[in-house]
Amino acid sequence: FQRPHEQYPPLKFGTVPNGSTEKNIRSNYPDMHAYMIKYNQRHVEDALQNLKTGKLDAFIYDAAVLNYMARKDEGCKLVTIGSGKVFATTGYGIALQKGSKWKRPIDLALLQFLGDG
């Protein structure tokens, strides 16, 4: 996520602007923030629908909200990743379409991130 231009095909990910998630990313990861602006979503529900249709590859948001939405998703087409961990101290999570090709690479990157502290 921090080096989105290194991915091919490019990973399409975003969040909901003007919230704590976006503010944290803007403050701590300016390059990532600049890249993801074009994929930001107006509402969580829009993001989850766009995940299911493939318009979005990943959505970064509050982990508790994402876990709840994934559990209640009709057809179980969404999954949250990170091996049960959050990747920021504020409790953000990442949602992907179930079966996404991005799950393993993101899981590995998160494990490396967690291992490096």
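In segment 24-42, of all residues being of a type in the set (Phe, Trp, Tyr) and out of contact with any Gly (no Cβ under 7 Å at 6 or more places or on another chain), the one that is nearest to GLU6 (Cα to Cα) corresponds to TYR35.
Table: residues versus (1) at pLDDT 80 or above; (2) out of contact with any strand residue (DSSP E or B) (no Cβ under 6 Å at 6 or more places or on another chain).
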| position | (1), (2) |
| --- | --- |
| TYR39 | yes, no |
| MET69 | yes, yes |
| GLU74 | yes, yes |
| TYR92 | no, no |
| PRO105 | yes, yes |
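Check segment 37-46 and report whether any residue there is within 17 Å of LYS77 (Cα to Cα), out of contact with any Phe, Trp or Tyr (no Cβ under 8 Å at 6 or more places or on another chain) and of a type outside the set (D, E, K, R). Within segment 37-46, none of the residues are within 17 Å of LYS77 (Cα to Cα), out of contact with any Phe, Trp or Tyr (no Cβ under 8 Å at 6 or more places or on another chain) and of a type outside the set (D, E, K, R).
The values are calculated or read from the model by the stated rules, or taken from the named source; none is laboratory data. Model, not experiment: these values are computed from the prediction. Every residue, glycine as well, gets a Cβ built from its backbone with ideal geometry; the counts of neighbours run over all protein chains shown.
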